[in-house]
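Have a look at the structure below, then the notes.
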Amino acid sequence: SQQGEEDPQALSIQEGENATMNCSYKTSINNLQWYRQNSGRGLVHLILIRSNEREKHSGRLRVTLDTSKKSSSLLITASRAADTASYFCATDRASGSRLTFGEGTQLTVNP
Amino acid sequence: GAVVSQHPSWVICKSGTSVKIECRSLDFQATTMFWYRQFPKQSLMLMATSNEGSKATYEQGVEKDKFLINHASLTLSTLTVTSAHPEDSSFYICSAPRTGRFNEKLFFGSGTQLSVL
């Protein structure tokens, strides 16, 4: 079964708007990470939030984690056309385990 | 941040030939590297975990003899697709954790698009 599932699968917004993507997972985790992938490229790490953290910020990114609901959200504020990419959440199932990636959200920011 | 270099970026080959993809950690030593396969608009599928100086650990359903992995040094892992067929056409990506811990931040190569004719 899929450990991390993002929704929506695709999101299209106008430049300047905020974009929110959600990730749900099934088992307990030690940390949850968000990655970005531009088309035809490798992934770039955005942010890591640990299970004892509830919120984390990095520039225009805000990540929340609700371990009781087994869910996380990634908020990109004041979006730019350059934010157009696929965004993946990744979770570990136990300490030291490999990451499992979700299906991703394809974000399109229209100029 | 750490840099992982993957080469080539794209390769076209004839059916039946073998293709080697290299993944190098440029500014850190990677005792572990991961190899993934990704189909268009889909997630990453972990194929194997490459361990420096020892055998790779393959995920269930991945053919070891088909996808040969060698991790001969702390900065280089290679994936060889042997006797490639059109169904092997895909985007292959490598990654490595700088700390050596599997669940920490991963640094990714830029990917290799393989097209088998």
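The values are calculated or read from the model by the stated rules, or taken from the named source; none is laboratory data. The structure presented is a predicted model; accordingly, all values stated were derived computationally and were not measured. Heads up, the Cβs are rebuilt from the backbone with ideal geometry, glycines too, and the neighbour counts pull from every protein chain shown.
Do you know which of the residues in region A:73-98 that are within 10 Å of another protein chain (Cβ to nearest Cβ) and either more than 17 Å from the chain's Cα centre (by Cα) or modelled with pLDDT under 90 (or both) is nearest to A:Thr20 (Cα to Cα)? For region A:73-98, the residue satisfying everything is A:Asp92.
Answer yes or no: is there a residue in region A:73-84 that is buried (at least 21 other Cβ atoms within 10 Å of the Cβ) and in a strand (DSSP E or B). Yes - at least one qualifying residue is present in region A:73-84. The single condition from (1) assigned to a loop (DSSP other than H, G, I, E, B); (2) surrounded by fewer than 16 Cβ atoms within 10 Å (Cβ to Cβ); (3) free of Cβ contacts under 8 Å to residues at least 60 places away in the same chain that B:Thr17 fails is (3). Screening B:Phe28 against (1) more than 9 Å from chain A (Cβ to nearest Cβ); (2) closer than 23 Å to B:Arg101 by Cβ; (3) in a strand (DSSP E or B) leaves a single unmet condition, (3). Tallying residues that are aliphatic (A, V, I, L, M) and exposed (fewer than 14 other Cβ atoms within 10 Å of the Cβ) within region B:54-65 yields 0.
Scanning region A:46-72 for residues that are of a type outside the set (A, V, I, L, M) and within 14 Å of chain B (Cβ to nearest Cβ) yields a count of 4.
Taken over region B:66-87, the criterion of being in a loop (DSSP other than H, G, I, E, B), surrounded by fewer than 17 Cβ atoms within 10 Å (Cβ to Cβ) and either modelled with pLDDT under 95 or of a type in the set (Val, Ile, Thr) (or both) is satisfied by B:Leu74, B:Thr82. Count of region A:16-45 residues, restricted to those that are of a type in the set (Phe, Trp, Tyr) and at the interface with chain B (Cβ under 10 Å from one of its Cβ atoms), is 1.
Would you point out the residue of region A:99-111, among those that are hydrophobic (A, V, I, L, M, F, W, C) and within 14 Å of another protein chain (Cβ to nearest Cβ), that is surrounded by the fewest Cβ atoms within 10 Å (Cβ to Cβ)? Across region A:99-111, the extreme among qualifying residues is A:Leu107.
Just one of (1) surrounded by 20 or more Cβ atoms within 10 Å (Cβ to Cβ); (2) in a strand (DSSP E or B) fails for A:Thr64. It is (1). Selection over region B:34-43 of residues that are modelled with pLDDT under 95, on the phi < 0 side of the Ramachandran plot and of a type outside the set (Ser, Thr, Tyr) gives a count of 3.
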